[in-house]
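A short write-up of the structure that comes next.
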Amino acid sequence: MKTAIIYHSNHHGNTKKLLDAIAKQGDVTLIEASGNLDTDLSAYELIGFASGIYYQKFHDTVLQFAEKNLPQGKKVFLIYTCGMRRSAYTDAIRQITDSKGTEMMGTYDCPGFDTFGPFKLIGGIAKGRPNEEDLAKAVNFFKEISEK
């Protein structure tokens, strides 16, 4: 299935590690959200949005990209990495995907090494993540949703 994944991965490149593993699985195009705000996604059958978590949500560039470029009615999925898990991290991106009448295929998340703010004082949290097991789980997640 022809797939595009729009992403932002800045802090430690945690999310990009997952996406690089997924991109090896086939017809997957990775699109960095910043600087690509006029990208036509109509030719893609499956569209993913991926980000580290910044201030309790997906990065603003991913949200802006989705708002502007996500076609109506597409199959979509979400991937994110975070220092600590919270259920509300996908609320903002889901509002956008829901408003576009998309079919949500699933969400994959895993811990990512985080040294933001006070975590820097203690050397960070989720050290060594994502690890090989996280990468394998991300690939399996992608295989499952791309076969539906």
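Of 81, 90, 29, all but one fail to be buried (at least 17 other Cβ atoms within 10 Å of the Cβ), within 14 Å of the chain's Cα centre (by Cα), under 16 Å from residue 142 (Cβ atoms) and among the polar types (S, T, N, Q); the exception is 81. Identify the residue in the range 48-73 that is in contact with a Phe, Trp or Tyr (Cβ under 9 Å, 6 or more places away or on another chain) and among the small types (Gly, Ala, Ser) and, among all such residues, is nearest to residue 1 (Cα to Cα). Out of the qualifying residues, it is 48. Would you check which residues across the range 49-94 are basic (Lys, Arg) and within 20 Å of residue 146 (Cα to Cα) and list them? The answer is 74, 75, 94.
For the range 6-38, a residue qualifies if it is among the small types (Gly, Ala, Ser) and more than 14 Å from residue 62 (Cβ to Cβ), and the qualifying residues are 13, 21, 23, 26.
I'd like to check something: does the range 86-95 contain any residue that is under 13 Å from residue 48 (Cβ atoms), of a type in the set (Gly, Ala, Ser), modelled with pLDDT of 95 or more and touching a helix residue (DSSP H, G or I) at 6+ places or on another chain (Cβ under 9 Å)? No. Taking the range 1-45 as the search range and keeping residues that are of a type in the set (Ser, Thr, Tyr) and more than 18 Å from residue 134 (Cα to Cα), which one is modelled with the lowest pLDDT? Among those residues, the one meeting the criterion is 34. Does residue 130 satisfy being part of a loop (DSSP other than H, G, I, E, B), at pLDDT 95 or above, surrounded by 14 or more Cβ atoms within 10 Å (Cβ to Cβ) and of a type outside the set (A, V, I, L, M)? For residue 130, the condition - part of a loop (DSSP other than H, G, I, E, B), at pLDDT 95 or above, surrounded by 14 or more Cβ atoms within 10 Å (Cβ to Cβ) and of a type outside the set (A, V, I, L, M) - is not met. One residue alone among 34, 51 is in contact with a helix residue (DSSP H, G or I) (Cβ under 6 Å, 6 or more places away or on another chain) and surrounded by fewer than 17 Cβ atoms within 10 Å (Cβ to Cβ), and that residue is 34.
The values are calculated or read from the model by the stated rules, or taken from the named source; none is laboratory data. Bear in mind that the values here come from a model prediction, so they are computed numbers and not experimental data. Cβ atoms come from the backbone with ideal geometry, glycine included; neighbour counts cover every protein chain shown.
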